[in-house]
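Chemist: Got a structure here, written out as structure tokens. Questions coming.
The values are calculated or read from the model by the stated rules, or taken from the named source; none is laboratory data. Remember, it's a predicted structure, so these values are computed and weren't measured experimentally. Please note: Cβ atoms are built from the backbone with ideal geometry, for glycine as well, and neighbour counts cover all protein chains shown.
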Amino acid sequence: MPGKVYGVVLHLALVALCGVTLLLVQQNRELRNVLTPNPPPIKTGYTAAATEVAGLDGTVRTLSWPAAERDHLLLVFTTTCPACQDNQGPWQALHERLGEDLDVLGVSLDPVDATVAYREEQRLPFQTVAATNREAFVEAFDISAVPFTVHIGSDGKVRGAWRGVLSSKQIGQIEASVQNHPS
């Protein structure tokens, strides 16, 4: 009789372990989906909408992409975002490597005063502006998270978009995007 009880207990333990394994597999998939950044919603070829920004001196202007003489690399951030701060190194490196080939423009989603302080604190080498209407700017580019990097051609078409802190693979994609679509 003790042998039968032992066998039943082992079978129950095996069934329980299979159930736990299936649960862990499902949770692993869900976690991977949460941690893997979604592809940016802006598709290549999308025509970027004209957007209004304020220079750090408060001067308001409209960025009109089809009228641009050169390609643009927009670096969208907020002044309180830790990931945006982590992305400053890759963005500055891109500015150094590509700044001759296109206009690199930092776009803060925060007010001008906060953006001025952040630019000085971070010693940003690229031109920086602030969106005059955060909601409108976010909607125009369908931004769901920052940092957000977007390459816009001189024809106003999106050449590529990247969300989150840039990996070395993504930096290579940006460089290839610029080299494949010179101004």
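Chemist: Output yes when any residue across region 161-178 is touching a residue at least 24 places away in the same chain (Cβ under 8 Å), closer than 24 Å to Ala54 by Cβ and in contact with a helix residue (DSSP H, G or I) (Cβ under 9 Å, 6 or more places away or on another chain), and no when none is.
Modeler: Yes: region 161-178 contains one or more residues that are touching a residue at least 24 places away in the same chain (Cβ under 8 Å), closer than 24 Å to Ala54 by Cβ and in contact with a helix residue (DSSP H, G or I) (Cβ under 9 Å, 6 or more places away or on another chain).
Chemist: Can I ask one more? Go through region 95-141 residue by residue and tally those that are free of Cβ contacts under 8 Å to residues at least 12 places away in the same chain and within 24 Å of Val158 (Cα to Cα).
Modeler: 3
Chemist: List the number of the failed condition for Asn38; all other conditions in (1) part of a helix (DSSP H, G or I); (2) at pLDDT below 95 hold.
Modeler: Just one mismatch for Asn38, condition (1).
Chemist: Next up: Among the residues of region 107-128, are any farther than 23 Å from Thr59 by Cβ and among the polar types (S, T, N, Q)?
Modeler: no
Chemist: For the list (1) at pLDDT below 90; (2) in a loop (DSSP other than H, G, I, E, B); (3) under 26 Å from Gln170 (Cβ atoms), I need the number of the one condition that Glu69 fails.
Modeler: (3)
Chemist: Right, something else. Which of (1) in contact with an Asp or Glu (Cβ under 9 Å, 6 or more places away or on another chain); (2) closer than 18 Å to Lys43 by Cα is the odd one out, the single condition Asp101 does not satisfy?
Modeler: Result: Asp101 passes all but (2).
Chemist: Return the residues of region 63-122 that are acidic (Asp, Glu) and farther than 19 Å from Thr51 by Cβ; say none if nothing qualifies.
Modeler: Asp86, Glu96, Glu100, Asp101, Asp113, Glu120, Glu121
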